[in-house]
1. Evaluate the charge dipole of segment 91-192 about its Cα centre and quote only its size in Debye, nearest 20, assuming +1 on the Cβ of each Lys and Arg and -1 on the Cβ of each Asp and Glu.
2. Exposure proxy check: Val170, Val85, Val52 ranked by fewest other beta carbons within 10 Å?
3. Tilt of helix 87-99 relative to the longest C-alpha principal axis of the chain, in degrees (0 to 90, nearest 10)?
4. In the structure displayed, which of Lys190/Lys241; Lys107/Lys203; Lys126/Lys203; Lys46/Lys107; Lys190/Lys238 lie more than 19 Å apart, Cα to Cα?
5. At 222 nm, what value in deg cm²/dmol follows for the chain if DSSP H runs of at least 4 each add -39500 (n - 2.57) and the sum is divided by all its residues, to the nearest 500?
6. Starting from the 7 Å offset along Cα-to-Cβ, what nm value, one decimal, do you get for the label separation of Phe174 and Thr142?
7. May I ask you to work out the translational diffusion coefficient for segment 4-165 at 25 °C, viscosity 0.890 mPa s, via Stokes-Einstein with Rh from the Kirkwood sum over Cα pairs, reported in whole µm²/s?
8. Relative contact order for the chain using alpha-carbon pairs under 8 Å, separation at least 6, rounded to a whole percent?
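Computed from the coordinates by the stated procedures, all read-outs in this text should not be read as laboratory data. Please read these numbers as outputs of a predicted model, since none were measured by experiment. Note that each Cβ is placed from the backbone with ideal geometry, even for glycine, and that neighbours are counted across all protein chains shown.
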Amino acid sequence: MNLSVVILTYNSTRTIRQVLEAVAGWANEIVIVDSGSTDGTLEIAKEFGCRVFYKAFNGFGNQKRFAVEQAINDWVFVVDSDEVVTQELKNEIDASLESNTGYQGFKVPRILIFLGKELKYGRESKLATLRIFNKRYGNYNTNDVHEDVVLDGKTLTLKNSMLHYSFSDVAEFFQKMNDYSSRSAFELYKKGKRASTLKVVTKFPVSFFVEYFIRLNFLNGYAGLVWSLTQAVYASLKYIKLKELQSRPSFSN
């Protein structure tokens, strides 16, 4: 069965070659939607014969929705520019697309690689997300962040995982966190969510406790500790920015 791999890129040279090597020659089409890379990402994409499109970034949902629409095939596999598809997963996808004809989508688990370590515990290495689907039955919503596929059909969760090479170091995490937390705060605001001072005060310790102890990141060693701290900082910053939105005259109702 023909399958299009769809990837969003923006200055992705750290991982994009490894990502493309994993799917080149397997998928019969690779679609790249770039939002203005200046670091050589597009040159690497052209080496692999990708179909490359440019679209100014206006939210993850809109960007992925546009990318899916460019695919020639009905079946698409949306892969992030830092996710590597393993051979075991490719074999399972081939078999699933051939035999599970009653499904319109497949959820794919991910294994988080953080600070060079595979995090075997924690929510990030257990969640499966809908990444493979028949675009005749659905596409992404237009959420700025936390985008999801809206699919009219049955889904099945696969057993094998992608490798998610999230951030090269803590500095990269904080660079991306600033933009992502702003988008997340605005999404919360649009949904009518509000942040109290008590929420801001308690968000960090509660988030850290949940990530480190409840979700068992303490079993991931030092990398699990750092991951838990970064997630707590992100959660706190998101609500600080939400409270800031509430105080701006242009956002008050």
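1. 280 debye
2. By the 10 Å Cβ count, ascending: Val170, Val52, Val85.
3. On a 0 to 90 degree scale, this one is about 70.
4. Result: Lys107/Lys203; Lys126/Lys203; Lys46/Lys107 exceed 19 Å.
5. Numbers: 7 runs with 100 residues, N = 253.
My calculation for the chain gives -13000 deg cm²/dmol from helical runs alone.
6. With each label placed 7 Å out from Cα toward Cβ, I get 3.6 nm.
7. Values: Rh = 15.9 Å.
Rounded, D is 154 µm²/s.
8. Averaging sequence separation for qualifying contacts and normalising by length gives 18 percent for the chain.
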